[in-house]
1. Dipole of the chain (Lys/Arg Cβ +1, Asp/Glu Cβ -1, origin at the Cα centre): which of Val42, Ile31, Gly16 lies farthest to the positive side?
2. Using the crude model of +1 on Lys and Arg Cβ and -1 on Asp and Glu Cβ, and no other charge, please compute the dipole size for the chain relative to its Cα centre, in debye to 20.
3. Of all the accessible heavy-atom surface of the chain, with the other protein chains kept in place and a 1.4 Å probe, what percent is carbon and sulfur?
4. For the chain, what's the relative contact order in percent, using C-alpha pairs closer than 8 Å and at least 6 residues apart?
5. Could you work out how much longer the chain between Thr46 and Val24 gets when fully extended? Use 0.36 nm per residue separation minus the Cα distance between them, nm to one decimal.
6. Tell me, in nm to one decimal, what length is gained between Gln38 and Gln4 on full extension, where the rule is 0.36 nm per residue of separation less the Cα-Cα distance?
7. What label, among (1) 4, 19, 23, 16, 12, 8, 6, 5, 4, 2, 1, 0; (2) 4, 23, 38, 24, 8, 2; (3) 5, 24, 34, 21, 12, 4, 0, belongs to P(r) over Cα pairs in 5 Å bins from 0, in percent computed from the structure on display?
8. Heavy-atom accessible area per residue, the chain, 1.4 Å probe: how many Å²?
Amino acid sequence: MRYQWIKKYYDAGMPGYDNDGIKVFVAAGWITADQYKQITKVEYVTDGLR
């Protein structure tokens, strides 16, 4: 369910729902790295700070 809402907002270009913003949802466990890639079309890579 969260995936669908996150994707919807990302596709709509909502503020905060850019590639970096979507990484927060992966870190929080709301979506998987695979779902991140499905939404953004970019491989999920951590910034190394966590």
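The values are calculated or read from the model by the stated rules, or taken from the named source; none is laboratory data. All of these numbers come straight from a predicted model, not from anything done at the bench. For neighbour counting, all protein chains shown are included, and Cβ atoms are generated from backbone atoms with ideal geometry for every residue, glycine included. SASA here: full protein model, heavy atoms, side chains in, ligands and nucleic acids out. Shrake-Rupley method; radii C 1.70, N 1.55, O 1.52, S 1.80 Å.
1. So the residue we want is Ile31.
2. Dipole of the chain, to the nearest 20 debye: 160 debye.
3. The computed percentage sits at 56.
4. Working: 29 pairs, mean separation 14.6, N = 50.
For the chain, the relative contact order is 29 percent.
5. Here the segment from Thr46 to Val24 would lengthen by 6.9 nm.
6. Additional length available on full extension: 11.1 nm.
7. (2)
8. Computed with neighbouring chains in place, this is 74 Å² per residue.
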